Amino acid sequence: MIRGRILLVDDEETFLRSTAELLRQKQFACDEAVDGEEAAAMVKETSYDVVVADIKMPGNTELELVRQLEGQEPALPVILVTGYPSVKTAVDSVNLDVLAYLVKPIDMEEL
């Protein structure tokens, strides 16, 4: 039984593939996108329970994807992940009503 549908967005292929596989093993349906543009297009086509997106990637370096999703699907929860945490992105994510801000490497239980 599927526990929910997740869109995982990251331009780092190893993280993207391995995390998606771990989520699938935990019975989540998990689609993958490599940048903000692809993710926004996928959200228009498919209903997701949550988007898990990297910050430092094409189409989200200034949290553009998060802002776009807020306008496109305001009730869609977003979890941000980053290997480069900063006060600016943490504050911006709080102001954008992001569900969580996680630092890589990610603890799968926390996710």
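What is the set of long-range amide H partners of Val81 at a cut-off below 5 Å, with H atoms built 1.01 Å from backbone N?
The list, which skips near neighbours in sequence, is Ala53, Asp54, Ile55, Leu102.
Using the heavy atoms of the protein chains alone and a 1.4 angstrom probe, what is the accessible area of the stretch 25-76 per residue in square angstrom?
52 Å²
Compute the distance in nm between two label points, each set 7 Å from the Cα along the Cα-to-Cβ direction, one at Arg24 and one at Leu76.
In this crude label model, Arg24 to Leu76 measures out at 2.1 nm.
Per 0.36 nm of contour for each residue apart, how much would the distance between Glu109 and Lys88 grow if the chain were fully extended, relative to their Cα-Cα spacing?
Computed gain between Glu109 and Lys88 is 5.0 nm.
Which percent of the accessible heavy-atom area of the chain goes to carbon and sulfur, probe 1.4 angstrom?
In the chain, the share of accessible area belonging to carbon and sulfur is 52 percent.
Taking the Cα centre of each part, how many Å lie between the stretch 1-60 and the stretch 78-111?
15 Å
I need the phi-derived Karplus couplings for the stretch 45-50: 6.51 cos²θ - 1.76 cosθ + 1.60, θ = phi - 60°, integer Hz, Gly and Pro marked x.
9, 9, 8, 10, 8, 7
Quick one: order Glu45, Glu70 from most to least accessible surface, probe 1.4 Å.
I get Glu45, Glu70, largest accessible area first.
Is the stretch 1-83 best put as rounded, prolate or oblate by its Cα gyration tensor, with a ≥ b ≥ c the root eigenvalues, rounded for a/c under 1.5, and otherwise prolate when a/b is larger than b/c, oblate when not?
oblate
Top to bottom by accessible area (1.4 Å), largest first, where do Ile55, Ile2 land?
Per-residue accessible area, sorted high to low, gives Ile2, Ile55.
Pull up the cross-link candidates among the lysines for Lys44, meaning alpha carbon to alpha carbon under 24 Å and not fewer than 8 places away within one chain.
In chain and number order, the partners are Lys56.
Taking R0 as 41 Å, what's the FRET efficiency between Glu62 and Met1 from their Cβ-Cβ distance, rounded to 0.05?
According to the calculation, E is roughly 0.60.
The values are calculated or read from the model by the stated rules, or taken from the named source; none is laboratory data. Nothing here was measured: the structure is a model prediction, and the numbers come from that model. Cβ: placed from backbone, ideal geometry, glycine included. Neighbour counts: every protein chain shown. The protein model used for the area step is the full one, side chains on, heavy atoms only, and it has no ligands, DNA or RNA in it. Shrake-Rupley method; radii C 1.70, N 1.55, O 1.52, S 1.80 Å.
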